[in-house]
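Below: the structure, in structure tokens.
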Amino acid sequence: MPANLPPEYFEVEKTLRQARTAEEKISIMEKLLSIIPRHKGTEKLVALYRSKIAKLKEEIEQRPAVRKGQLFRIEKSGAGQVIVIGPPNAGKSALIRALTGVEVEVADFPFTTRMAAPYMMPFENIKVQLIDTPPITADFMESWLAEMVKMAEAVLVVLDASSPDSSAQLEVILNRLKERKVELVPGETVIPPDRFPFLKRTLLVLNKSDLAEAGTLAEELEVFFGKILDRISVSAATAEGLETLRGHIFRLLQIVRVYSKVPGKKADYQSPFILKRGSNIMDLARQVHKDFSEKLNYARVWNKEGTVNGLRVTRDYLLNDEDTVELHI
């Protein structure tokens, strides 16, 4: 009896020849199994793939444990570090390329990204570091990935808005991280300092929103997960929603930009000081110079709206984003 395989099967099967790792091969074979029609003519083919997947999983389980010294780390740079995670083929690398303008290896087959890599995303007058990472699946997550999530300031979870598997893939990611004591939380969550490595402010990015199949994922996520995480729909291909996403990423970091000026001179609006939201005049003084923190008498503040214009303030005055401050000793 003929197998009568659909054209999509042969397109995906081509990528299997290019797969290098066991994880890549498993992901592609599982995709093939979801495509193969079930009837007498495909029973042997289905059994063959299931047997191969079982052997590959056995190989993965028999790998030697990774020593702590081998954990991956990327030095932080810019206004903050945001780690980008997601399942295979969600478009993480394409999204990072669209946000940063830097060439990132992108392909239509899973596991194109094999190591973590940093890229700088411009946002107005600052840059935010985005970390591209290998995909997370039900069968595999790099041993060092959870540690990188703990070190980052925030997390983007990228999902394919056109894929029927995205809700299940999100559940896999949440469970994988929980196994490592990491919990993803909404952007406005107040995180105690001692819980910072384990609770991570997160934004769900529903990519490929330009595709005809997109549109129902947001509703599915609402049904299965409620309002567990904030989300935004974008398209790396058409740039739809990318500027809004930049703003969301900035707010996810919970930082403020503050400009310092010398009396009688203009402030440098291209080189702001970066402070945590909730910082005060003394926090800025410590960043500017040690002498200011020790000898500060008072400060004057101008806000971006123009409603505060040279107001004299005390050391505990809380700073807002894009305040201009004149320090006096």
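Where a number appears in this text, it was derived from the coordinates with a stated rule and is not lab data. The model shown is predicted, which means the values in this text are computed figures rather than measured ones. Using ideal geometry, Cβ is built from the backbone for each residue, glycine included, and neighbour counts are taken over all protein chains shown.
Cα axis of helix 43-61 to longest principal axis of the chain: angle in degrees, 0 to 90, nearest 10?
50 degrees
Given only helices, namely DSSP H runs of n ≥ 4 each adding -39500 (n - 2.57), what is the per-residue ellipticity at 222 nm of the chain, to the nearest 500 deg cm²/dmol?
Only helices count here, giving -10000 deg cm²/dmol.
Kirkwood-based Rg over Rh for region 7-61 (C-alpha set), two decimals?
Rounded to two decimals, Rg/Rh equals 0.97.
With Rg and the Kirkwood Rh both taken from Cα atoms, where does Rg over Rh land for region 129-195?
0.95
What FRET efficiency comes out for the pair Lys44/Gln270, r = Cβ-Cβ distance, R0 = 56 Å, nearest 0.05?
After rounding to 0.05, the efficiency reads 0.30.
Only bridges whose two residues both fall in the chain count here: according to DSSP, what percent of them are antiparallel, nearest 5?
DSSP beta bridges in the chain are roughly 45 percent antiparallel.
Quick one: of Lys57/Lys208; Lys76/Lys208; Lys31/Lys57, which pairs are farther than 22 Å apart, Cα to Cα?
Correct reply: Lys57/Lys208; Lys76/Lys208.
Counting only Cα, what are the radius of gyration and maximum Cα-Cα distance Dmax of region 179-329, in Å?
Spelled out, the Cα radius of gyration and Dmax of region 179-329 are 20.3, 62 Å.
Where Rh denotes the Kirkwood radius from the mean inverse Cα pair distance, what is Rg over Rh for region 70-252?
Result for region 70-252 is an Rg/Rh of 0.92.
Taking the beta-carbon count within 10 Å as an exposure proxy, list Val301, Val262, Val234 from fewest neighbours to most.
In order of increasing Cβ crowding within 10 Å: Val262, Val301, Val234.
Along the positive direction of the dipole of region 204-272 (beta-carbon charges: Lys, Arg +1; Asp, Glu -1; about the Cα centre), which of Val223, Ser209, Ser271 reaches farthest?
Of the listed residues, the answer is Ser271.
Using a simple spin-label model with points 7 Å from Cα along the Cα→Cβ vector, what separation in nm is obtained for Ile74 and Gln287?
Distance between the two pseudo-spin positions: 2.3 nm.
If I build a Gaussian network model for the chain, linking alpha-carbon pairs within less than 10 angstrom, which residue out of Ala117, Ala146, Ala168 has the largest mean-square fluctuation?
Highest fluctuation among the options: Ala168.
Name the most mobile residue of Val128, Val205, Val258, meaning the one with the largest mean-square fluctuation, in a Gaussian network model of the chain with Cα contacts below 10 Å.
Of Val128, Val205, Val258, the most mobile in the Gaussian network model is Val258.
For the chain, find the longest principal axis of its Cα atoms and tell me its angle to the long axis of helix 166-179, 0 to 90°, nearest 10.
Here the helix axis deviates by roughly 70 degrees.
Using alpha carbons only, how many degrees (0 to 90, rounded to 10) separate the axis of helix 22-35 from the longest principal axis of the chain?
60 degrees
Would you mind getting me the FRET efficiency between Phe196 and Lys14? Use the beta-carbon distance for r and R0 = 51 Å, nearest 0.05.
It comes out at approximately 0.70.
If you line up the Cα atoms of region 255-328 on their principal axes, what length do they span on each, largest first, in Å?
On the principal axes, region 255-328 reaches 30, 27, 22 Å in Cα extent.
What is the Å³ per residue value for the convex hull set by the Cα atoms of the chain?
About 159 Å³ per residue, rounded to a whole number.
Placing unit charges on C-beta atoms (Lys and Arg positive, Asp and Glu negative, everything else neutral), compute the dipole magnitude of the chain about its Cα centre in debye, rounded to 20.
Around 1000 debye, computed over the chain.
Specify the longest stretch of the chain that does not include any exposed loop site, a site being one of the GluC sites (Glu not before Pro) with a non-H, G, I, E, B DSSP assignment and at most 15 other Cβ atoms within 10 Å.
1-74
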